[in-house]
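K.L.:
Here you go, one structure.
The values are calculated or read from the model by the stated rules, or taken from the named source; none is laboratory data. For clarity, every value in this text was computed on a predicted model and none was experimentally measured. All Cβ positions, even for glycine, are placed from backbone atoms using ideal geometry, and neighbour counts span all protein chains on display. Accessible surface is based on the protein model in full, side chains and every heavy atom, while ligands, DNA and RNA are left aside. Shrake-Rupley method; radii C 1.70, N 1.55, O 1.52, S 1.80 Å.
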Amino acid sequence: MEYSYPLSTDWTTEEMVDVVRFFEVVEMAYEKGVKREIVMERYKSFKKVVPSQAEEKTICRDFEQASSYVPYRVVKLAKELADGQIVKMK
């Protein structure tokens, strides 16, 4: 699919990389599955860049509209699973 990630020009290059890596793990969860701990690690890095709940909702909604992947569902499932389990969206 061709779409762009919702990024802020206020972020450093490193912060942009962290946000993109989080969205990539969301894509992996939908496309082939990914270990729970990888999702949580990348979500933790994402939250360092986007600590505000309101901003997180806005960015994730923008990503969902562009990609049809729902970051909230991926993180919710990852939180319910144990380490070593695979996050695979249906």
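K.L.:
Ignoring everything but the protein chains, give the 1.4 Å probe accessible area of ARG21 in square angstrom, nearest 10.
P.N.:
Number for this one is 90 Å².
K.L.:
³J(HN,Hα) across region 65-73 via Karplus (A = 6.51, B = -1.76, C = 1.60, θ = phi - 60°), whole Hz, x for Gly/Pro?
P.N.:
5, 6, 10, 6, 8, 10, x, 4, 5
K.L.:
Give me the 1.4 Å probe accessible area per residue for the chain, excluding ligands and nucleic acids, in Å².
P.N.:
Heavy-atom SASA per residue in the chain reads 63 Å².
K.L.:
Ignoring everything but the protein chains, give the 1.4 Å probe accessible area of LYS76 in square angstrom, nearest 10.
P.N.:
For LYS76, solvent-accessible area is about 100 Å².
K.L.:
Note down the magnitude of the dipole of region 43-83 about its Cα centre, charges +1 on Lys and Arg C-beta and -1 on Asp and Glu C-beta and zero elsewhere, to the nearest 20 debye.
P.N.:
100
K.L.:
Cross-link partners among aspartates and glutamates for LYS76, C-alpha distance below 20 Å, same-chain residues fewer than 8 apart left out?
P.N.:
ASP18, GLU24, GLU27, GLU31, GLU37, GLU41, GLU55, GLU56, ASP62, GLU64
K.L.:
Can I ask one more? Over region 1-75, calculate the relative contact order: mean separation of alpha carbon pairs under 8 Å at least 6 apart, over the residue count, as a percent.
P.N.:
Answer for region 1-75 is 39 percent.
K.L.:
Here's something else I'd like to know. Once every Cα of the chain carries one equal point scatterer and solvent is ignored, give the base-10 log of I(q)/I(0) from the Debye formula at q = 0.12, 0.14, 0.25 Å⁻¹, two decimals.
P.N.:
Treating every Cα as an identical point scatterer, log10 I(q)/I(0) equals -0.32, -0.44, -1.37.
K.L.:
Run the quick spin-label model on GLU2 and SER52: label points 7 Å from Cα toward the beta carbon, then report their separation in nm to one decimal.
P.N.:
3.3
K.L.:
Another question, then. Subtracting the Cα-Cα distance from 0.36 nm times the residue separation, let me have the gained length for TRP11 to LYS32 in nm, one decimal.
P.N.:
Taking TRP11 through LYS32 to full extension adds about 4.6 nm, to one decimal.
K.L.:
Output wanted: per-residue J couplings in Hz (rounded whole) for region 75-90, from phi through Karplus 6.51 cos²θ - 1.76 cosθ + 1.60, θ = phi - 60°, x for Gly and Pro.
P.N.:
5, 4, 5, 4, 5, 7, 8, 9, 3, x, 7, 9, 8, 9, 7, 9
K.L.:
Here is a further query. To the nearest 20 debye, what is the magnitude of the charge dipole of the chain about its Cα centre, counting +1 on the Cβ of each Lys and Arg and -1 on the Cβ of each Asp and Glu?
P.N.:
Using only the charged Cβ atoms, the result is roughly 500 debye.
K.L.:
Of ALA66, PRO51, ALA82, which is farthest on the positive side of the dipole of the chain, counting Cα position, with +1 on Lys and Arg Cβ, -1 on Asp and Glu Cβ, and the Cα centre as origin?
P.N.:
Checked the options; the winner is ALA82.
K.L.:
Give the long-range amide H neighbours of LYS35: residues separated by 5 or more places, or on another chain, with amide H under 5 Å away, using H modelled in the peptide plane at 1.01 Å from N.
P.N.:
Placed amide hydrogens put VAL87 under 5 Å from LYS35.
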